[in-house]
1. Taking the stretch 10-61, which residues are hydroxyl-bearing (Ser, Thr, Tyr) and open to solvent by 70 Å² or more (accessible area, probe 1.4 Å)?
2. Out of (1) at pLDDT below 95; (2) of a type outside the set (S, T, N, Q); (3) under 18 Å from the mean Cα position of the chain (by Cα), what's the single condition that is false for VAL52?
3. Would you mention how many residues in the stretch 63-85 are outside any helix (DSSP H, G or I), of a type in the set (A, V, I, L, M, F, W, C) and at pLDDT below 95?
4. In the stretch 17-34, which residues are part of a loop (DSSP other than H, G, I, E, B) and without any contact (Cβ under 8 Å) to a residue 24 or more places away in the chain?
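The values are calculated or read from the model by the stated rules, or taken from the named source; none is laboratory data. Note that the coordinates shown come from a computational prediction; the quantities given were computed from them, not determined experimentally. Quick reminder, even Gly has a Cβ in these numbers, built from the backbone with ideal geometry, and neighbours come from all protein chains shown. With ligands, DNA and RNA removed, areas are computed over all heavy atoms of the protein, side chains included. Shrake-Rupley method; radii C 1.70, N 1.55, O 1.52, S 1.80 Å.
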Amino acid sequence: MKKTSLLSPPKTPFQINFDKPRFSDHEAAAFIGCSAYTLKRSRTTGTLLGVVAPAHVKLGRMVRYERATLEQWLSQFPEYQNTAQHNNGGEAA
């Protein structure tokens, strides 16, 4: 039996196609960089990463996230070139 390190990244059982217009829970979570559980919980709490959670589509028992919705949701977070900018409120150090 092969041992895995606790520090090893988790292995996903499938390859994710990010070119699709609609994602499942696991695909959407990988796209935005959180766990599927955290994304699922955000549908109940209404918040994800300290802001309003992205909208989802409910199709019977299935939940799907539109790629465009996730891209728009991600765009609300500022981009930083380095940690100094983040610590100085976005201004260069």
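1. As a first pass, look at the stretch 10-61 and keep what is hydroxyl-bearing (Ser, Thr, Tyr): 12, 24, 35, 37-38, 42, 44-45, 47.
Within the stretch 10-61, THR12, TYR37, THR44, THR45, THR47 meet the criteria.
2. All conditions are met except number (1).
3. So in the stretch 63-85, the residues outside any helix (DSSP H, G or I) come out as 63-66, 75-82.
When the remaining residues are screened for being of a type in the set (A, V, I, L, M, F, W, C), the result is 63, 77.
With the extra rule that they be at pLDDT below 95, the set shrinks to 77.
Total meeting the criteria: 1.
4. Correct list: ASN17, ASP19, GLY33, CYS34.
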